[in-house]
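The values are calculated or read from the model by the stated rules, or taken from the named source; none is laboratory data. Small disclaimer: the values here were computed from a predicted structure and weren't measured. We place every Cβ from the backbone using ideal geometry, glycine too, and count neighbours over all the protein chains shown. Note: areas computed on protein heavy atoms with side chains; ligands, DNA, RNA excluded. Shrake-Rupley method; radii C 1.70, N 1.55, O 1.52, S 1.80 Å.
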Amino acid sequence: MSYLNQLLFGYYPYVAGMVFLLGSLVRFERDQYTWKADSSQMLRTQGFRLASNLFHVGILLLFVGHFVGLLMPHSWYPYFGLTPTSKQLMAVIAGGVFGAMCFAGLTLLVRRRLTDPRVRANTTRMDFFILFLIYAQLILGLLTLPVSLFHLDGGNMIKLADWAQRIVTFRSGAVEALEGVGLLFRLHLLLGMTIFLVFPFSRLVHIWSAPVWYLGRQGYQIVRQR
């Protein structure tokens, strides 16, 4: 078990991270024509906007919440008026709201992929794989909320944050930081790392090309002049 823990939570994060970064770079350099979101909105618009907005807003806010929650040093808590208990309660509430949004949107998108003949015909095996992988990860995350709600001492949260911070700063003791963390949380970590691992081989690469500069664009884009 010690060797397995070291493999999954000591080495696997770096394997997934390297594949995520180098794989994305290689795909961008060698296969730019495959670098796209492959949106199916043109195939069927009914119900798409609601499902897409719920999913994307939910998952982006979940990502930001996880990023800040895991990588914020414990010593910073007092500067924001937080204690481990209040931070965990805030995480449970925010995770529940954003997780429900994401779950509803993803459920609608998966149903659309499976039941609409035109959309399904233009869906690859990797599309289905990544959708159900995110679905499983989201369900695991939602299942951790009741556990966290009934253990508001923040113990698990601090252990998970300590693990993440040790991983990203290349410090030793990351595996030991997870001692006592339950199976549900460990599976959530593993699926999260696996999403990063398969990221370069899926349509998720379009995240790198998020057109954030649109927010500062003046006026409308002129596509054709009469």
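Structure summary
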{"read-out": "Unmet requirement for Leu114, which otherwise passes all of (1) closer than 23 Å to Phe185 by Cβ; (2) open to solvent by 40 Å² or more (accessible area, probe 1.4 Å)", "value": "(1)"}
{"read-out": "Condition met for Leu43 (open to solvent by 40 Å² or more (accessible area, probe 1.4 Å) and at pLDDT 90 or above)", "value": "no"}
{"read-out": "Members of region 1-35 that are under 18 Å from Arg186 (Cβ atoms), open to solvent by less than 100 Å² (accessible area, probe 1.4 Å) and outside any helix (DSSP H, G or I)", "value": "none"}
{"read-out": "Qualifying residue in region 174-182 (condition: modelled with pLDDT under 90 and surrounded by fewer than 17 Cβ atoms within 10 Å (Cβ to Cβ))", "value": "no"}
{"read-out": "Sole exception among (1) open to solvent by less than 60 Å² (accessible area, probe 1.4 Å); (2) under 20 Å from Leu143 (Cα atoms) for Leu82, by number", "value": "(2)"}
{"read-out": "Single condition Ala121 does not satisfy, out of (1) open to solvent by 80 Å² or more (accessible area, probe 1.4 Å); (2) within 17 Å of Gly65 (Cβ to Cβ)", "value": "(2)"}
{"read-out": "Filter result (assigned to a helix (DSSP H, G or I) and farther than 21 Å from Val205 by Cα) within region 104-131", "value": "Ala104, Thr107, Leu108, Arg111, Arg112, Leu114, Thr115, Pro117, Arg118, Ala121"}
{"read-out": "Flag if Ile139 is touching a residue at least 24 places away in the same chain (Cβ under 8 Å) and surrounded by fewer than 17 Cβ atoms within 10 Å (Cβ to Cβ)", "value": "yes"}
{"read-out": "Of all residues in region 199-226 being under 18 Å from His66 (Cβ atoms) and in a helix (DSSP H, G or I), the one that is modelled with the lowest pLDDT", "value": "Ile207"}
